[in-house]
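Novice: Below are the structure tokens for one structure; questions will follow.
The values are calculated or read from the model by the stated rules, or taken from the named source; none is laboratory data. Everything numeric here is computed off the predicted structure, so don't read it as measured data. For neighbour counting, all protein chains shown are included, and Cβ atoms are generated from backbone atoms with ideal geometry for every residue, glycine included.
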Amino acid sequence: MAPSVQELVSEEEKMAHRFGLKTDSLQWLVSEGQVRSGQSLSHLLSPVGVSPSTLHHIATEHRDEYDVRRMREGRPWWLFYSKEDSTAHHFVYGIDEREYVVFDLKGDLGVSRGRYPTETRRKFVAGEVMGSLYQTLEDAGHTTTLAYSMSQVYAWTIDFSRIQPGDHFRILYERDWVSDQPVGLPRIVSAEFIHRGRNFPAFAFDQGDGADYFDETGASLRKAFLKSPVEFSRISSRFNKRRFHPVLKKVKAHLGTDYAAPHGTEIVAVGDGVVTQASYTKGNGKYVKIRHNDTYTTQYLHMSRRNVKEGQAVRQGDVIGYVGSTGLATGPHVCFRFWKHGAQVDHLKEDFPPSTPIREEASVAFRKLCAERLAEMAQLESDDALRLAAVGQ
Ligand SMILES: [Zn+2]
């Protein structure tokens with residue numbers, strides 16, 4: 001029986017084809033391995049007869065294409081010999097999961113990089129958080145690295161170490177695959193995370209300066225904090241480690257910034273977060289403390305009235321209380337305190353990440369994209385529900 005065309009193609013030829021090597025009439029022999037500790041290109045190629053001058057040429061003349069000093073332990077390599085004369089023709093080094101570099105050892109001694117064919121697959125998951133987001137996604141059959149991608153998208157908005165039962169989500173994401181292996185991290189296309197009863201949508205969008213994440217209003221999810229928690233106020237006392245306290249009449253560090261404003265003026269959250277304290281002490285008076293993310297926490301003192309409860313999720317600009325002079329205060333003001341990695345700092349001296357909102361000229365395209373993504377997620381969620389119902393019957 002005549003062999004099919006498929007059978008005529010040897011594993012060696014398939015491999016040559018994978019790296020874009022011309023097979024011509026040459027038949028290949030292939031050996032493969034992994035770079036061991038301390039091995040360089042010459043360690044690998046000298047024993048198979050590649051001359052020092054060839055090695056020198058490759059290492060020095062093609063550094064722009066690939067610097068052989070960057071070869072790392074554990075990465076795979078392939079060596080292609082011709083069947084006729086058993087000499088080494090090509091050396092291939094696997095740079096990472098997506099990319100390889102081919103060294104021509106016989107012809108023009110060229111060095112060229114190549115990429116494996118990549119397929120992007122889109123997936124959807126919706127559900128309620130049970131335990132951690134990590135665990136919930138794993139139980140639903142999705143990669144746990146998706147939880148990491150989510151934590152990056154929402155780094156400024158949601159503290160995933162504090163998510164609670166009842167929080168739920170819809171996530172549309174993409175992942176690259178190379179020869180049936182997922183590579184790299186999942187990319188969130190769009191998501192909705194309902195955290196403590198509030199929806200935090202996220203849409204990936206590129207308005208010309210790289211993909212970023214925005215909420216439904218077009219605000220960047222990488223939030224800058226508001227400059228102050230009260231509008232139309234003036235700073236009456238700055239952060240000062242050696243201040244003479246007006247009430248206590250002694251030197252005492254002032255680890256906050258005072259904003260003087262009329263009694264009853266609205267005090268707003270300077271960023272998204274969760275209220276960790278809405279309380280009263282003799283010194284602070286009525287106060288509110290908000291945890292924004294792993295890095296930042298803020299606190300607002302001397303309120304006449306609090307407007308939030310402990311455990312409540314707040315968004316930037318939400319009114320959390322009103323200016324007063326409860327506690328140790330000479331007049332109506334907010335003492336605003338700012339923590340970074342657990343240490344009190346002067347927020348006026350901090351550099352925060354930039355957060356450009358959707359620009360006017362991109363707003364139509366952005367709105368259209370939001371509507372499409374929301375419709376797509378709603379459709380996928382109802383498809384999933386129908387599928388589950390069918391399985392249940
Ligand atoms: Zn103060």
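Conditions tested, residue by residue: (1) touching a helix residue (DSSP H, G or I) at 6+ places or on another chain (Cβ under 8 Å); (2) buried (at least 18 other Cβ atoms within 10 Å of the Cβ); (3) free of Cβ contacts under 8 Å to residues at least 60 places away in the same chain; (4) farther than 30 Å from Ala365 by Cα.
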{"site": "Val178", "(1), (2), (3), (4)": "no, no, no, yes"}
{"site": "Ala191", "(1), (2), (3), (4)": "yes, yes, yes, no"}
{"site": "Gln207", "(1), (2), (3), (4)": "yes, yes, no, no"}
{"site": "Tyr213", "(1), (2), (3), (4)": "yes, yes, no, no"}
{"site": "Phe225", "(1), (2), (3), (4)": "yes, yes, no, no"}
{"site": "Ser228", "(1), (2), (3), (4)": "no, yes, no, yes"}
{"site": "Phe239", "(1), (2), (3), (4)": "yes, yes, no, yes"}
{"site": "Leu255", "(1), (2), (3), (4)": "no, yes, no, yes"}
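Novice: Within the stretch 304-320, can you find the residues that are at pLDDT 95 or above, in a loop (DSSP other than H, G, I, E, B) and surrounded by 17 or more Cβ atoms within 10 Å (Cβ to Cβ)?
Specialist: If the condition is that a residue be at pLDDT 95 or above, in a loop (DSSP other than H, G, I, E, B) and surrounded by 17 or more Cβ atoms within 10 Å (Cβ to Cβ), then Asn307, Val308 are the ones that fit.
Novice: Please specify each residue of the stretch 41-64 satisfying the condition of being assigned to a loop (DSSP other than H, G, I, E, B) and either modelled with pLDDT under 90 or in contact with a Leu (Cβ under 8 Å, 6 or more places away or on another chain) (or both).
Specialist: Matches in the stretch 41-64: Gly49, Val50, His62, Arg63, Asp64.
Novice: Do we find that Val274 is in contact with a helix residue (DSSP H, G or I) (Cβ under 7 Å, 6 or more places away or on another chain), surrounded by 12 or more Cβ atoms within 10 Å (Cβ to Cβ) and assigned by TED's automatic domain parsing to the domain that holds Val345 in this structure?
Specialist: yes
Novice: Still on this structure: Looking at Lys282 and the list (1) away from the ligand (no atom under 16 Å from the Cβ); (2) out of contact with any Lys or Arg (no Cβ under 8 Å at 6 or more places or on another chain), which single condition is not satisfied?
Specialist: Failing condition for Lys282: (1).
Novice: Val308 versus (1) closer than 22 Å to Phe244 by Cα; (2) more than 16 Å from the ligand (Cβ to nearest atom): which is the lone unmet condition?
Specialist: Checking Val308 against (1) closer than 22 Å to Phe244 by Cα; (2) more than 16 Å from the ligand (Cβ to nearest atom), the one that fails is (1).
Novice: Could you list, in sequence order, all residues of the stretch 321-358 that are β-branched (Val, Ile, Thr) and either part of a loop (DSSP other than H, G, I, E, B) or away from the ligand (no atom under 16 Å from the Cβ) (or both)?
Specialist: Result: Thr326, Thr330, Val345, Thr356, Ile358.
Novice: Would you point out which residue out of Asp108, Asp104 is in contact with a Gly (Cβ under 8 Å, 6 or more places away or on another chain) and surrounded by fewer than 19 Cβ atoms within 10 Å (Cβ to Cβ)?
Specialist: On inspection, the qualifying residue turns out to be Asp104.
Novice: Picking from Gly324, Gly392, Gly342, which residue would you name as being at pLDDT below 95 and either within 30 Å of Asn307 (Cα to Cα) or touching a Cys at 6+ places or on another chain (Cβ under 8 Å) (or both)?
Specialist: Being at pLDDT below 95 and either within 30 Å of Asn307 (Cα to Cα) or touching a Cys at 6+ places or on another chain (Cβ under 8 Å) (or both) holds for just one of Gly324, Gly392, Gly342, which is Gly342.
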